[in-house]
Amino acid sequence: MGVVFLSKYLMLDRRVLNPQAMENVSIQVTPPEKDVENNPLMVQDKPWEIRIDNGYPNVIYDKEKEIFRCYYTLFTDDLDTEGTTVEERSSRDYLPRLDRVTSLAYAESKDGIHWEKPSLNRVEWRGSKANNILFLFAHGTGVMLDEHSSAPDKKYKMVTKVDIPGHGAHMAVAFSPDGLNWSELIPWPEHNPPADSHNLPFWDEKEGCYMLLSRIWKDGIRMTTLSRSDDFIHWSEPKETLRGRGFEAQVYSMPVFFWNNLYLGLASIIHEGDRTDRDFDMVDCELTWAAEPEHFDFAAPGQSLIPRGRGRYPAGDFDCGCIYASQPVFAPNGELWLYYMGGNGQHTNFRETSLARALWKADRFAALEPKREEEDSLVTTCRMKFEGESLEVLAEALPYCAEPDEARPCEASDIRDTRKGMDKSRPVYLEAQVHRVWTEAPVPGFTFEESRVSDMGDGWKAIQWPKGFDSLAGTAGCIKLKFRNLKIWAVRGDICLDGHRLWEGADMENEGL
């Protein structure tokens with residue numbers, strides 16, 4: 001029987017850390033590795049794909065059918081784009097028209113790399129149904145595979161904004177048994193938010209209901225909203241859950257997924273407010289997080305999770321202008337892939353958009369890293385309960401260990417005990433200490449000098465003391481980590497949070513305040 005860990009905490013979760021007891025550290029996102037060999041995976045190459053624009057991808061792996069599915073938004077009618085050449089698009093600005101038609105299209109793949117756009121024979125476009133369009137007049141559609149539902153005809157669910165030029169817009173849902181054959185769109189009985197963005201639904205195990213992340217305008221800027229539903233038809237009034245940073249960093253859309261008891265968001269951030277700024281009207285993707293879905297925050301404000309490609313329109317990389325992500329997908333081999341739509345121009349200008357992907361490593365989303373290399377870093381947890389013998393951290397040496405005359409890569413397990421003189425390269429080490437209260441002396445037998453670190457594989461490092469961590473079982477305190485030239489993503493073991501400095505009823509004396 002394998003080891004069962006009571007708890008795991010990501011370092012991007014600020015509840016875990018004591019900000020008064022940290023030195024020489026900052027939170028840094030860990031970008032997934034773009035699949036440069038295969039990207040872009042899918043481009044706009046059909047007559048009805050006049051402008052994919054933001055795309056709002058919903059990539060899902062159907063384990064039963066062993067197939068990847070992608071649902072994406074596009075313009076099937078856009079008079080200012082249709083028929084223009086790249087040369088013309090480079091010589092003038094794009095003029096969005098009110099009569100543009102947004103629609104929902106579908107693609108599929110057996111391996112997640114090679115994508116097909118099947119003829120669904122469902123929707124007529126200019127006299128033919130030989131296309132991959134699922135719905136006309138569908139704006140910012142979000143699709144989910146509902147493994148919670150027992151209704152076979154509602155295995156797949158979608159939320160969309162029905163937007164018919166000249167006839168108004170309203171929110172609607174639809175259901176499907178197989179992801180291809182969909183019911184008619186059912187209007188929401190209540191509420192009609194602007195929602196002109198990615199409307200992302202998901203089932204929340206924590207609260208036992210459906211949730212929807214959408215977008216509204218308020219106080220002159222864009223911001224995300226949260227709605228709840230028990231039946232996927234009646235939705236609560238959208239409430240603000242995250243706003244950006246002024247005009248310059250507004251939240252355009254934010255797919256959300258649940259990971260390790262946290263809600264993690266992939267926020268597309270649009271930059272406005274200064275037309276002379278190089279990033280004006282570009283869209284970056286930033287990582288957000290929340291313990292409760294009503295209140296999201298940025299993991300590392302201003303840091304791009306999926307860096308835009310190089311160059312500018314029209315000669316730049318396919319993703320040099322705008323990034324819109326899907327929820328991450330576990331492939332059959334266990335790899336975690338983050339699919340996204342990448343555009344090569346400004347948001348409100350001409351651009352072409354493609355589907356791409358990047359490989360993410362589980363739990364390695366954002367790490368605590370030293371601000372200044374070659375100096376010790378210190379991180380202290382908030383008050384924890386100790387309940388057993390296991391304590392591990394997910395850590396890795398910084399990319400290079402400097403030699404006197406050259407640089408060489410560091411292995412992920414390259415944490416050395418420099419006190420024993422095992423290596424003459426740049427010191428890379430980790431030590432730990434236990435305190436009842438962080439301002440007081442360490443618990444006897446649990447000092448930095450007595451701690452030992454061993455490699456458990458896959459980046460996890462076990463921390464042990466001669467007395468055994470289990471000798472502290474039933475007590476509480478905090479853990480200090482001292483490290484050099486190292487990044488730390490998470491901590492796990494027989495531990496659990498025991499209050500927080502801002503929680504009602506917290507033991508103020510034991511918090512060291």
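The values are calculated or read from the model by the stated rules, or taken from the named source; none is laboratory data. Everything numeric here is computed off the predicted structure, so don't read it as measured data. Reconstructed Cβ throughout: ideal geometry from the backbone, glycine too, with neighbour counts over all protein chains shown. Calculation scope for accessible area: heavy atoms of the full protein, side chains included, ligands and nucleic acids excluded. Shrake-Rupley method; radii C 1.70, N 1.55, O 1.52, S 1.80 Å.
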ask   = Could you give the accessible area per residue of the chain, probe 1.4 Å, as a whole number in Å²?
value = 43
message = Need one number: the % of Cα-Cα pairs in the range 293-355 sitting beyond the 17 Å mark.
response = 53
ask   = Distance from the Cα centre of the range 444-505 to that of the range 266-337, in angstrom?
value = 33
inquiry  = For T225, what residues show an amide H to amide H distance below 5 Å, using hydrogens built from the backbone and excluding near sequence neighbours?
reply    = S214, R215, I216, T241
ask   = Pairs K46/K161; K117/K206; K65/K154; K8/K482: which are spaced more than 25 Å apart, C-alpha to C-alpha?
value = K117/K206
remark   = Using alpha carbon centers only, the range 94-118 is separated from the range 127-149 by a whole-angstrom value of 10
query = Within the chain, what is the longest stretch that has no chymotrypsin sites (Phe, Trp or Tyr not before Pro) placed in a DSSP loop and near at most 16 other beta-carbon atoms within 10 Å?
reply = 6-246
inquiry  = For a quick check of your reading of the filter: which GluC sites (Glu not before Pro) in the range 426-456 sit in a DSSP loop and have no more than 11 other Cβ atoms within 10 Å?
reply    = E440, E449
request  = Mind running the shape call on the range 109-211? Use the C-alpha gyration tensor, a ≥ b ≥ c as the square roots of the eigenvalues: rounded below 1.5 for a/c, prolate if a/b tops b/c, oblate otherwise.
outcome  = oblate
task = Sum -39500 (n - 2.57) across every DSSP H segment of at least 4 residues in the chain, then divide by the residue count to get the 222 nm mean residue ellipticity, nearest 500.
result = -500 deg cm²/dmol
request  = Mind pulling up the Rg/Rh value for the chain? Radius of gyration and Kirkwood radius, both on Cα.
outcome  = 1.01
ask   = How many nm is it between the label spots at L180 and E23, if each spot is 7 Å from the Cα in line with the beta carbon?
value = 6.3
query = Which distance in Å, rounded to a whole number, links the C-alpha centroids of the range 22-53 and the range 246-261?
reply = 16
query = Can you list residues whose amide H is under 5 Å from C496's amide H, if they're 5+ apart or on another chain and H is modeled 1.01 Å from N?
reply = K385
query = Let a ≥ b ≥ c be the square roots of the eigenvalues of the Cα gyration tensor of the range 23-143; is it rounded (a/c under 1.5), or, if not, prolate (a/b larger than b/c) or oblate?
reply = oblate
task = Report, in debye and to the nearest 20, how large the dipole of the chain comes out about its Cα centre when Lys and Arg carry +1 and Asp and Glu carry -1 on their Cβ.
result = 180
ask   = For the range 224-268, what class follows from the C-alpha gyration tensor (a ≥ b ≥ c being the square roots of its eigenvalues): rounded when a/c is under 1.5, otherwise prolate if a/b is larger than b/c, else oblate?
value = oblate
request  = Averaging sequence separations of C-alpha pairs under 8 Å and six or more residues apart, then dividing by the length of the chain, give the relative contact order as a whole percent.
outcome  = 16
